[in-house]
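K.L.:
Handing you this structure, nothing more for now.
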Amino acid sequence: MAARGPAIVWRGPIDADLAVVLDPAGEASHGELPATWRPLTDRLRIGWVRLPADGPGLAALASILSETPGRRVHIVTSGAATEPVLWVAGAQARKVKSFVAVDPRSCAPDSPWGEWARGLEDEGAVVRCFRTAQEDVDLRRPPPAPLGLPEVVAWVAETIAATEPPSSTLRDTIARGLRAMRRHRRAGGARAPRTTGSRTRPR
């Protein structure tokens, strides 16, 4: 893990939809979300859980899923943490609204990812896997991509928006935020990492 810091950082309205980010890189070490995530806290209650994957963060996720009756949770993780996080989420699949994995070991349907992801989808969750190209120099490091990367935030926001009806205020807020982010990046001349996105099966 990165420098010492709080195990969990919470931001956003208490009564808003819940999103839990399980971060094996240990960002948010100074008690604040990465700046790229903060605009989402207008409409989301975000819990940033600093792992390692075999530490108390998994227990925290299990508790959040158990202790939020009547509410489903958006989950985000990356890299080697994906499989243990999927295992915890799959044990309470009805409580999961969406699941995003960035650069997991595998997105193959016949891998552990495929089995657990199908279980979540069977309970109505939207499941997405995003993989950054290993040769992409924009990342300046091998995968997994940092969860604070603007493109990662965009993937997560698009996935959350896909769980909402067209008339949803949250969906509209996310769409406006994504348009602003893309305008900002185009103005700066930045090039997004090349990615592949996949679902466990077609919808």
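Each row is one residue, and each column tells you yes or no for (1) more than 16 Å from the chain's Cα centre (by Cα); (2) surrounded by 20 or more Cβ atoms within 10 Å (Cβ to Cβ); (3) part of a loop (DSSP other than H, G, I, E, B).
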position	(1), (2), (3)
Gly57	no, yes, no
Ser63	yes, no, no
Arg71	yes, no, yes
His74	no, yes, no
Thr77	no, yes, no
Thr82	no, yes, no
Arg94	yes, no, no
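K.L.:
Do you know which of the residues in segment 100-150 that are open to solvent by less than 20 Å² (accessible area, probe 1.4 Å) and of a type in the set (D, E, K, R) is modelled with the lowest pLDDT?
P.N.:
By that ranking, first place goes to Asp136.
K.L.:
For Thr41, indicate whether it is within 25 Å of Pro165 (Cα to Cα), touching a helix residue (DSSP H, G or I) at 6+ places or on another chain (Cβ under 6 Å) and among the hydroxyl-bearing types (Ser, Thr, Tyr). Even if it seems obvious, please write down each step before you answer.
P.N.:
Working: within 25 Å of Pro165 (Cα to Cα): yes; touching a helix residue (DSSP H, G or I) at 6+ places or on another chain (Cβ under 6 Å): no; among the hydroxyl-bearing types (Ser, Thr, Tyr): yes.
It is false that Thr41 is within 25 Å of Pro165 (Cα to Cα), touching a helix residue (DSSP H, G or I) at 6+ places or on another chain (Cβ under 6 Å) and among the hydroxyl-bearing types (Ser, Thr, Tyr).
K.L.:
So which residues in segment 28-43 are surrounded by fewer than 20 Cβ atoms within 10 Å (Cβ to Cβ) and on the phi > 0 side of the Ramachandran plot, if there are any at all?
P.N.:
Gly31
K.L.:
Taking Arg50 as meeting all but one of (1) open to solvent by 50 Å² or more (accessible area, probe 1.4 Å); (2) basic (Lys, Arg); (3) more than 18 Å from Thr163 (Cβ to Cβ), write down the number of the exception.
P.N.:
Evaluating Arg50 over (1) open to solvent by 50 Å² or more (accessible area, probe 1.4 Å); (2) basic (Lys, Arg); (3) more than 18 Å from Thr163 (Cβ to Cβ) leaves (1) as the failure.
K.L.:
To continue, here is another question. Being under 18 Å from Trp155 (Cα atoms), among the acidic types (Asp, Glu), touching a residue at least 60 places away in the same chain (Cβ under 8 Å) and buried (at least 18 other Cβ atoms within 10 Å of the Cβ) is the requirement here; does Asp23 meet it?
P.N.:
So Asp23 fits the description; yes.
The values are calculated or read from the model by the stated rules, or taken from the named source; none is laboratory data. What you see is a predicted model, and the numbers here were worked out from it, not measured in a lab. Note that we place each Cβ from the backbone using ideal geometry, even for glycine, and neighbour counts take in every protein chain shown. The protein model used for the area step is the full one, side chains on, heavy atoms only, and it has no ligands, DNA or RNA in it. Shrake-Rupley method; radii C 1.70, N 1.55, O 1.52, S 1.80 Å.
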